[in-house]
Structure formats: C-alpha cells, structure tokens
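Here the structure is laid out as structure tokens; the discussion comes afterwards.
Just so it is clear, none of the values below were taken in a lab; they were calculated from the coordinates. What you are looking at is a predicted structure, and each value in this text was computed from that prediction instead of being measured. For neighbour counting, all protein chains shown are included, and Cβ atoms are generated from backbone atoms with ideal geometry for every residue, glycine included.
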Amino acid sequence: MKIDGTAYRTIWLGDDGASVVIIDQTRLPHRLETVTLRTADDAARAILTMQVRGAPLIGATAAYGLALALQADASDGALAHAIDHLARQRPTAVNLKWALEEVRRHVQPLPTAARAAAAFAKAHAIAEDDVETCRNIGVHGAALVQAIAEKKRPGEPVNILTHCNAGWLACVDWGTATSPIYHAHDAGVPVHVWVDETRPRNQGAALTAYELGRHGVPHTLIVDNAGGHLMQHGEVDLCIVGTDRVAANGDVANKIGTYLKALAAHDNGVPFYVALPFSTIDWTLDHGRDIPIEERGADEVLVMQGRLADGSVVPVEIAAPGSPAANPAFDVTPARLVTGFITERGIAAASRDGLYSLYPERRETAA
Ligand code: MRU
C-alpha cells in the first residue's frame, strides 16, 4: 500500500540478494525506518522484538530467516536448529510454523549446495502468495462493505471497527482485516474506520491509524473501551478483525481485547467478521482453548512510549511504582460470536463445516 504516494511492502529482498529488508515497526508512527536482516538471528530478533509482527508477516520473515540460516550453513543439523530457533520466537501465530514447514519441505530433499537459493525462492513465493491472498480477501470482503453501503443514504459512510493492526503492516501488503476496507475505499465506497488503540502496545494507534491515514482512508482513533458504547449507539455497522490462529472448530485467537469486542457486537446485533488467509488455520487443533497464548513482559503494560514536543521518542511510566502487571497478548473468541470468515476463497460461517466448505480438500484429509 502507499505511504504518502509511494508504494511499500513490509519485507523485501536486499539489493545484494543475500539480505532481507524490513520496515522497523517499533519506530512507527514517528519514524519510517528500515532494518537489514543478514542472519537467522537477525530475523529471530526482529520477530521477538516485534520489529515485524502480525501473523502473515511473522511467517514471511521466518521463511526468509530460514533462508538466511541456510546461507551460512545448509546442513541438516543447521536446518533443524534454525527452524526450532525461529519457531520459538512467538507462540500464538500459527503462520510462523506454517511458513517454516513450507520452506523445510521444499529444501530438505535438495543437496546442501542448492538449499539456500531454494529457500530464498520459497520465501519469496510465500511473500508473493501472501500479497495475492490478501488481495483476494479484500475483494470478497469489499462486497460485504458494498452491500452495507447500499442500504445507507447516498454518501453516508460505512462505519467499520477494527482491533489491533491486521493491516498491510501485519502482512506483506494489503492486510487481512484492512484489505476489504482498502478495496472498498479505492472503489469509491464511503468508509470510516473506528481504530481501537489496542493497549498495551498500541498497534491500532501506532500502525493501523498510520497506514489508513497515509492511504487516505477516513478513520478515528478510539480507546479500547469505547467500542461497546459506539455499538450501542448505532455507530458501528460492521467489525472486521484479523487473527493469529483459527482452530478447526472456528474459534479465533487474536489480539487481547478482541473477545470483548465480539461480545459487544453480539449483544448489539453488529456483524463481526474475521479476515484470514488459509495459513492461519490450525487444522490440528479442535478447539480454541488449545491455542497457546503468548504472555509478554509486564514492562509493556507499565511503560508507554510517546513523542515529546522536541521530537524525541521516550518511554514513560504510567503506573503506581511497584505495581505488578500481567500481559496476556491474545484472547480466544468462540466461533459462536463470529458472524463469518472472510478468506481468499470467499466468505463462510465460522465453524468446522464453514471452513470445510472453503477448503474441501481438508475434509478429505481429515476423513
Ligand atoms: O502482537 P501482534 O502485533 O503480532 O498481533 C497482531 C494481531 O493480533 C493481528 O490482528 C493478527 O496477527 C492478524 S494480522 C493480519
């Protein structure tokens, strides 16, 4: 998508063909900076410190990270070690393991001399596929937005609430939850987005508001607790969020606070959609309760980062000194609260049968 008229992606191959460049998301929205990853450790650190984040982008970065590892040592031992190391960086987004497994399957049968180049090619293919997948999510989701717009007065915007950042910054391009918004907006459908700030790391304020604003999409930042009130007052037509892992029964893990939005949407009759690529479905898990939930550091709750009037970006303590803090990073929304899934193959009910209707080949595998 565009930042002030220039098209960007979140990750790309360096000019030397042997390194990988990312947008450093810990610097946004105050600074647009890139970082070059030269080793698997660089990639692992970028995932852990959330220079890259968002399920599909974590997957793409891990795939490139494996290629960087094989560039240094393509032996079976090094391959296994790099997969294990990269996979351990963040536990909830299943795209991480999915992408590593895709690269492993592609390179393991090859002679060691051919593995690094093949891994780079596979990582590139994963990134390109993600762009196409997210584009298609947008096409299907935009039809939903358009249908709501047709029931409104001409020119009246469709109000969409989203949580966290499931935008192009969380993917390679387009985003999952934001792709329908970009497609609708670019097609001239009036949209307005309520952006949850998404404590504690404020991905909504720092990333979603940034990318929507830079692309010219009307939006308003709200505190996390405002969504229920807005829904009660008819100010939200539709919720669209992303996800880090969907269990085979349709339960959805996403950024902490998503569950509360789904409850409020259910109580107020607001459609609540989850946008996802196929790589976010964990067919091995029967229930959302089995999804591992990342517990992050208390410092993210106790300390916030912001820009001062002099332009410097500084951390500030916001809690009573000495108070302990807990920081579960994701929650699970039961499938019964989800109106539907928006995927690259179309829209379906949030249920095992709904998923099978989109991915019938999985029903055959499971049988
Ligand atoms: O902790 P993060 O920033 O990686 O969490 C991101 C989210 O929860 C997104 O909603 C999810 O990964 C979907 S990204 C298309």
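Brief remarks follow.
- Derived scalar couplings ³J(HN,Hα) [segment 30-36; Karplus, 6.51 cos²θ - 1.76 cosθ + 1.60; whole Hz; x for Gly, Pro]: 7, 9, 9, 10, 10, 10, 9
- Taking other C-beta atoms within 10 Å as the exposure proxy, K2, K97, K151 rank K151, K2, K97 from fewest upward.
- Cβ-defined net charge surrounding H215, 13 Å radius [Lys, Arg +1; Asp, Glu -1]: -2
- Candidate membrane-span-like segments in the chain, meaning DSSP H helices with Cα atoms spread over at least 24 Å of their own axis and a Kyte-Doolittle mean of 0.0 or above, are 55-72, 112-150, with no membrane implied.
- Straight-distance crosslink candidates among lysines, where the alpha carbon sits under 18 Å from K122 and sequence neighbours closer than 8 are dropped: K97
- Placing +1 on the Cβ of every Lys and Arg and -1 on the Cβ of every Asp and Glu, with nothing else charged, gives the chain a dipole about its Cα centre of roughly 220 debye.
- Under 12 Å, Cβ to Cβ, from T133 - net charge with Lys/Arg +1 and Asp/Glu -1: -4
- Förster radius 41 Å - calculated FRET efficiency between V21 and L308, Cβ distance, rounded to 0.05: 0.90
- Here the simple spin-label model places points 7 Å from the Cα toward Cβ, and for A121 and T36 these points are separated by 2.5 nm.
- For peptides 333-343, 213-223, sequence by mean Cβ density within 10 Å, most packed first: 333-343, 213-223
- Each peptide among 318-328, 267-277 gets the average number of other Cβ atoms lying within 10 Å of its residues, and from highest to lowest they stand as 267-277, 318-328.
- D286 versus D84: modelled label distance in nm, points set 7 Å from Cα along the beta carbon direction: 3.0
- Label point at A325 placed 7 Å out along Cα→Cβ; residues across segment 200-215 whose backbone nitrogen lies under 14 Å: 200-203
- Our estimate of slack between R45 and E295, defined as 0.36 nm per intervening residue step minus the Cα-Cα distance, is 88.3 nm.
- Fewest-first ranking of W98, W168, using other Cβ atoms within 10 Å as the exposure measure: W98, W168
- Under 13 Å, Cβ to Cβ, from D224 - net charge with Lys/Arg +1 and Asp/Glu -1: +1
- Whole-percent pair-distance distribution, where bins are 20 Å wide, for the alpha carbons of the chain: 30, 59, 11, 0
- Given charges at Cβ of Lys, Arg, Asp, Glu: the chain dipole, positive-most of L110, P29, A166: A166
- Toward the positive end of the charge dipole of the chain, with +1 on the Cβ of Lys and Arg and -1 on the Cβ of Asp and Glu, the farthest Cα among A253, A309, T92 is that of A253.
- Per-residue HN-Hα couplings for segment 158-164 [Karplus 6.51, -1.76, 1.60; θ = phi - 60°; Hz; x = Gly/Pro]: 7, 8, 10, 9, 9, 10, 6
- Helix-only [θ]222 nm of the chain, DSSP H runs n ≥ 4, -39500 (n - 2.57) each, per residue, nearest 500: -12000 deg cm²/dmol
- Fewest-first sequence of H140, H163 by Cβ atoms within 10 Å of each Cβ: H140, H163
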